[in-house]
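Taking it in order: structure first as structure tokens, then the write-up.
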Amino acid sequence: MKSKNCIIIAATLIAIAVAAAEEPTTNLLVIHADKPGAQISRNIYGQFSEHLGRCIYDGIWVGEDSPIPNTRGIRNDVVEALKKIKVPLLRWPGGCFADEYHWMDGVGPRGQRASRINTTWGGVVENNQFGTHEFMDFCNQIGAAPYIGGNVGSGTVEELAEWVEYLTAATNSVMSDLRRKNGRGQPWKVPFLAIGNESWGCGGEMTPEFYADSFRRYNAFVKNYPGNWIYRIASGANEGDYNWTEVLMKNIGGRMNGLSLHYYTLPTGNWSHKGSATHFAEADWFETLRRALRMDELVTNHSAIMDKYDPQKKIGLVVDEWGTWYDVEPGTNPEFLYQQNTLRDALVAGVTLNIFNQHCDRVKIACIAQMVNVLQAMILTDREKMTVTPSYWVFEMYTVHHDATLLPSELQSADYQLGDQKIPAVSASASRDKAGKIHVTLCNLNPNQPAEITCDLRGVEARTISGRILTAPEMNAHNTFERPKDVGPAEFTAFRVTNGGFAATLPPKSVVALELK
Ligand code: AHR
């Protein structure tokens with residue numbers, strides 16, 4: 001009898017504990033629809049594709065003779081999926097690979113193209129079947145603007161100048177004639193060009209002073225041919241290397257249009273043991289999100305340095321590599337950086353994109369690393385099979401912010417506490433689109449407690465609200481080729497219109513997008 005009572009008491013205590021854990025946190029969001037901010041460039045939602053692992057080959061390019069349905073060698077399933085997330089721009093061919101890429105290897109008849117060793121990524125043979133023409137075709141098929149990475153580390157000024165001429169010059173010249181001979185009459189538009197990549201590391205191990213001089217030299221020979229204007233992007237800092245930004249702003253200044261920044265989220269912060277993409281505990285979930293939130297500090301601090309030299313914010317901060325970086329999936333080539341993608345990645349994407357939206361006066365371009373089969377990918381493929389990831393769905397839900405006007409907001413967020421550490425439980429951003437609709441994207445980082453959001457919407461009255469949500473029962477929920485629909489968006493209805501705005505209850509570990517009319 002005594003033991004039966006004990007069991008009842010224990011069960012009651014557990015029930016009370018569970019109920020307590022499910023109490024919603026209290027959060028206040030003020031949206032200033034009466035004080036609109038800058039435009040959120042759609043280019044913040046850009047992507048990155050590198051000749052690395054199975055990103056290009058298998059992921060995008062299968063060749064014209066492949067049994068996998070393709071258009072001129074490019075996978076139809078991947079193109080169809082990418083069209084839905086309206087990829088605004090695509091960075092290529094690297095990454096570190098860009099500084100060992102010689103573009104002439106990748107033009108002309110495919111049967112005659114040079115094979116090289118991809119010394120950066122696994123020492124595999126790069127047969128150059130996917131080159132300039134194929135990349136421009138792919139951009140055209142998905143509707144993305146090309147963002148070309150120029151080789152400064154091992155290439156020459158002449159080589160880069162000639163690539164630009166080949167791509168964009170209309171008049172008769174050696175390079176534009178070669179392009180015509182290779183099957184393309186009209187020049188392409190190339191709106192974005194990087195002059196080097198990670199020049200402090202794989203791109204040449206330069207000092208900031210040496211790189212700044214190199215930028216000036218290469219840049220002087222990158223020409224704007226009639227009908228094409230190039231936004232020139234300098235190779236920027238690694239994470240919190242503020243001296244790099246300081247020197248480049250001082251020594252390059254207005255010669256560049258954009259300055260890049262790279263930051264990756266590793267759950268452990270340790271490059272030797274980064275952590276598993278799918279097997280993790282709440283401590284890893286917490287730490288991953290804590291590290292992802294550091295993007296706000298980095299953008300704020302780099303922007304403050306840029307403000308000193310460029311108070312009018314003419315030079316954009318270009319976060320052209322960001323995302324999660326885990327240990328590769330067991331059994332895959334460690335140099336190929338293939339990792340699964342879970343609900344945790346969706347939260348990382350949600351909070352990071354909210355940060356970029358909030359900083360849209362300075363952040364003009366960002367590219368998640370990478371598009372297919374590498375790091376925090378949108379799409380995973382295995383021969384003829386394909387699935388989209390939870391991160392893909394966040395990009396899809398956030399398309400509403402493309403080119404919309406930021407509505408500045410203030411958030412009093414509850415804490416999400418684990419042990420003696422805490423981070424804000426909620427992340428948010430808001431914008432008004434060209435049709436006048438307001439979009440609010442919200443993330444609840446807490447995997448245990450719902451988040452009650454009370455929104456004070458200033459300057460406008462919300463009459464109707466609709467919503468979508470991305471969540472799942474488990475923190476490590478993910479899509480597989482066998483179960484491609486385990487994580488995907490659903491209708492969200494836990495909101496109500498209030499006198500001053502709205503109230504919503506976000507379930508634990510969720511990303512929510514609301515539309516207010
Ligand atoms: O995205 C993978 C690699 O990470 C890129 O090639 C490089 O620029 C960065 O170090």
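Quick note: the coordinates plus some simple rules give every number you see, no bench work behind them. As the structure is a computational prediction, the values presented were derived from the model and not from experiment. Don't worry about glycine lacking a Cβ; one is built from the backbone with ideal geometry, like all the others, and counts go over all protein chains shown.
Calculate one ³J(HN,Hα) per residue across segment 276-281 by plugging θ = phi - 60° into the Karplus curve 6.51 cos²θ - 1.76 cosθ + 1.60, and present them in order as whole Hz with x for glycine and proline.
7, 6, 10, 9, 8, 9
Could you line up 399, 120 from fewest to most neighbouring Cβ atoms inside 10 Å?
Final ranking by Cβ density, sparse to dense: 399, 120.
Restricting to bridges with both residues inside segment 21-146, how much of the DSSP beta-bridge set is antiparallel, in percent to the nearest 5?
55
Once you have the Cα-Cα distance between residue 115 and residue 171, take 0.36 nm times their residue separation minus that, and quote the gain in nm to one decimal.
That pair, residue 115 and residue 171, stretches by 17.1 nm at full extension.
For the ranges 426-433, 388-395, what's the packing order if you count other beta-carbon atoms within 10 Å of each residue, average per peptide, and put the highest first?
With the highest mean Cβ count within 10 Å placed first, the list reads 388-395, 426-433.
Cross-link list 35/314; 189/250; 364/422; 35/250: which exceed 27 angstrom alpha carbon to alpha carbon?
189/250; 364/422; 35/250
Order these peptides, 222-228, 88-94, by their mean beta-carbon neighbour count within 10 angstrom, highest first.
88-94, 222-228
Antiparallel versus total DSSP beta bridges in the chain: what percent is that, nearest 5?
Of those bridges, close to 55 percent are antiparallel.
Starting with the fewest neighbours, write out 117, 453, 379 ranked by other beta-carbon atoms found within 10 Å of each beta-carbon.
117, 379, 453
Can you give the net charge of the other residues whose Cβ lies under 9 Å from the Cβ of residue 116, counting K and R as +1 and D and E as -1?
-3
Which net charge results when you count Lys and Arg as +1 and Asp and Glu as -1 among the other residues whose beta-carbon is under 12 Å from that of residue 390?
Net local charge, residue 390 excluded: -1.
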